[in-house]
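One structure below.
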Amino acid sequence: MDKIRFATVWLAGCSGCHMSFLDLDELLFDLADAVEVVYSPVGSDIKTYPENVDICLVEGAVANEENLELALKVRRNTKFVVSFGDCAVLGNVPTLRNVLHGPDPVLRRCYVELSDYGGQIPNAPGIVPKLLDKVQPLHYYIDVDLYLPGCPPSADRIRDAIFPLLRGEKPVMEGREMLKFG
Ligand code: SF4
């Protein structure tokens, strides 16, 4: 039987959601039996998001042009997209910069005003992705099939959301254990 083509993606997040995913510990062996990891920042060096992905966990908000391009590609190439963690679901920490009304004040503050000397805003087209005007949660740009909140979601919550999906069942996202933010 073909394995489930499984991916995880890291947009504007701290990688804490991925760390929690790794806290599945020995269940990662069960996961490895059931899936083929076709793209992930952990345990894979595949650079291009592939076609025909069955399930993808997307960590992080959409903050720059690279995030947006990847999010759109994920949606085009994936049957079931999971908005993974509070940054993806709500925007969370990365959206704090939205109160400064655009990327320019943020870049100026970080790279010029707080610089010891000779500060300058990085400008490397094609290398440093351009920031979007506002950071947005994932569903602002693409349809998602499941919201998995938490900062980060606990390993137990990840288990209870993901393993039903591997069996072709919809997880029961109810109650504090599955839905509490933070
Ligand atoms: S939801 Fe929390 S743990 Fe996950 S990427 Fe955002 S800040 Fe990090």
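Among Phe6, Phe29, Phe163, which comes first, then next, by fewest other beta-carbon atoms within 10 Å?
Details: Phe6 22, Phe29 9, Phe163 16.
Listed from fewest to most nearby Cβ atoms, that is Phe29, Phe163, Phe6.
Along the stretch 108-125, what does the Karplus equation 6.51 cos²θ - 1.76 cosθ + 1.60 (θ = phi - 60°) give for ³J(HN,Hα), rounded to whole Hz, x for Gly and Pro?
My calculation for the stretch 108-125 gives 4, 4, 5, 9, 10, 5, 9, 6, 5, 7, x, x, 8, 6, x, 9, 9, x Hz in order.
Taking 0.36 nm per residue of sequence separation and subtracting the Cα-Cα distance, how much length would be gained by fully extending the chain between Val172 and Ser44, in nm to one decimal? Spell out each step's value before the answer.
On the way: separation 128, 0.36 × 128 = 46.08 nm, distance 2.96 nm.
Stretched fully, the Val172-Ser44 segment lengthens by 43.1 nm.
The stretch 31-79: which GluC sites (Glu not before Pro) are DSSP loop and have at most 13 other beta-carbon atoms within 10 angstrom?
Details: sites: Glu36, Glu51, Glu59, Glu65, Glu66, Glu69; in loops: Glu51.
Here the sparse-neighbourhood loop sites are Glu51.
What residues have an amide H closer than 5 Å to that of Thr8, excluding those fewer than 5 places away on the same chain, when H is modeled at 1.01 Å from N in the peptide plane?
Close amide H contacts, sequence-distant or interchain: Tyr39, Ser40, Leu57.
Select from Gln136, Leu72, Cys56 the residue farthest towards the positive end of the dipole of the stretch 24-182; place +1 on Cβ of Lys and Arg, -1 on Cβ of Asp and Glu, and compute about the Cα centre.
Gln136
Enumerate the amide H contacts of Asn64 below 5 Å, restricted to partners 5 or more residues apart or on another chain; note that Pro and chain-start residues carry no placed amide H.
For Asn64, the qualifying residues are Leu132.
Within a 10 angstrom radius of the beta carbon, how do Cys110, Cys56 rank from fewest other beta carbons to most?
Placing the least packed residue first, the sequence is Cys110, Cys56.
Provide Rg and Dmax in Å for the chain, with only Cα atoms included in the calculation.
17.4, 61
Once you have the Cα-Cα distance between Tyr140 and Glu66, take 0.36 nm times their residue separation minus that, and quote the gain in nm to one decimal.
Working: separation 74, 0.36 × 74 = 26.64 nm, distance 1.55 nm.
Separation in residues times 0.36 nm, less the Cα-Cα distance, equals 25.1 nm.
Work out the FRET efficiency for Tyr117 and Leu179 from their Cβ-Cβ distance, taking R0 = 35 Å, and round it to the nearest 0.05.
Numbers: r = 49 Å, r/R0 = 1.39.
The value I calculate is 0.10.
What share of all Cα pairs of the stretch 76-182, in percent, falls into each consecutive 5 Å distance bin?
In whole percents, the pair-distance histogram is 2, 11, 16, 16, 15, 12, 10, 8, 6, 3, 1, 0.
If you fit an axis through the alpha-carbon atoms of helix 155-166 and take the longest principal axis of the Cα set of the chain, what angle between them do you get, 0 to 90°, nearest 10?
Helix 155-166 and the main axis of the chain meet at about 60 degrees.
Per 0.36 nm of contour for each residue apart, how much would the distance between Arg109 and Leu22 grow if the chain were fully extended, relative to their Cα-Cα spacing? Don't jump to the answer; show the numbers that get you there.
Details: separation 87, 0.36 × 87 = 31.32 nm, distance 3.47 nm.
My answer for the length gained is 27.8 nm.
Hey, any idea what Rg/Rh is for the stretch 1-69, computing Rh the Kirkwood way over Cα pairs?
Values: Rg = 12.5 Å, Rh = 12.9 Å.
Taking Rg over the Kirkwood Rh, I get 0.97.
Sort Lys73, Lys3 so the one with the fewest other Cβ atoms within 10 Å of its own Cβ comes first.
Working: Lys73 17, Lys3 14.
Fewest-to-most ranking of Lys73, Lys3: Lys3, Lys73.
Among 148-154, 80-86, 133-139, 166-172, how do they line up from the highest to the lowest mean number of other beta-carbon atoms within 10 Å? Present the calculation step by step, with values, prior to reporting the outcome.
On the way: 148-154: 22.1, 80-86: 25.9, 133-139: 19.9, 166-172: 11.4.
Listed from highest to lowest mean packing, they are 80-86, 148-154, 133-139, 166-172.
What ³J(HN,Hα) values, in whole Hz, does the Karplus curve 6.51 cos²θ - 1.76 cosθ + 1.60 give for the stretch 70-80 when θ = phi - 60°, with x put for Gly and Pro?
With the stated coefficients, the stretch 70-80 comes to 5, 4, 5, 5, 4, 5, 4, 9, 10, 6, 10 Hz.
Read-outs: derived from the displayed coordinates by stated rules, not from any lab. Remember, it's a predicted structure, so these values are computed and weren't measured experimentally. Virtual Cβ from ideal backbone geometry, glycine too; neighbours counted across all protein chains shown.
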